[in-house]
């Protein structure tokens, strides 16, 4: 799975794919690697909320270098960070039919600064994950 590959390539603690539901605005985390528990299965955020919702709604990358100190808003607005006890995270949008419909996330359980090389790796894996989206969205 691409999440496992990305975790190996980046040497991160946690990787995940969040996808907007086929119908509606809810966003879930159906694919993860490196999780410490099953809480991710019960996390649902709305468009514009949490890391995934913000990445999808803005169609732009999001970096968190030191959670919860370096975030806007409340820590409870970032349930995946809390559930997996992540301190640093980097997420890029996943595009389906020209529209952002998902987010690819890498996370670390300690403070980490992300480099341009990390961003390039994420973009490469994101393009591979996007090719799998038609199966998820029943194209």
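Readers should treat all values here as calculations from the given coordinates under stated rules, not as data from a laboratory. This is a predicted model, so every value here is computed, not measured. Here the Cβ positions follow ideal geometry from the backbone for every residue, glycine too, while neighbour counts run over all protein chains shown.
Please tell me the relative contact order of the stretch 1-86 in percent, rounded to the nearest whole number, where contacts are Cα pairs under 8 Å and at least six residues apart. It would help to have the intermediate numbers written out before the result.
Numbers: 109 pairs, mean separation 17.3, N = 86.
About 20 percent, as a whole number.
When the helix-only estimate is applied to the chain (DSSP H runs of n ≥ 4, each -39,500 (n - 2.57), divided by the residue count), what is the mean residue ellipticity at 222 nm, nearest 500 deg cm²/dmol? Please list the in-between numbers first.
Values: 4 runs with 44 residues, N = 139.
Here the helix-only value at 222 nm equals -9500 deg cm²/dmol.
If I compute Cα extents along the principal axes in Å from the structure I just sent, which labelled value in (i) 43, 33, 28; (ii) 52, 36, 29; (iii) 39, 29, 27 lines up?
Checked against the structure: label (iii).
Can you put 136, 42 in order of Cβ neighbours within 10 angstrom, beginning with the fewest? Please list the in-between numbers first.
On the way: 136 17, 42 10.
Lowest to highest Cβ neighbour count: 42, 136.
Determine, for 15, 10, 44, 115, the number of other Cβ atoms within 10 Å of each Cβ, and report the residues in order from fewest to most. Please list the in-between numbers first.
Working: 15 26, 10 20, 44 14, 115 10.
Listed from fewest to most nearby Cβ atoms, that is 115, 44, 10, 15.
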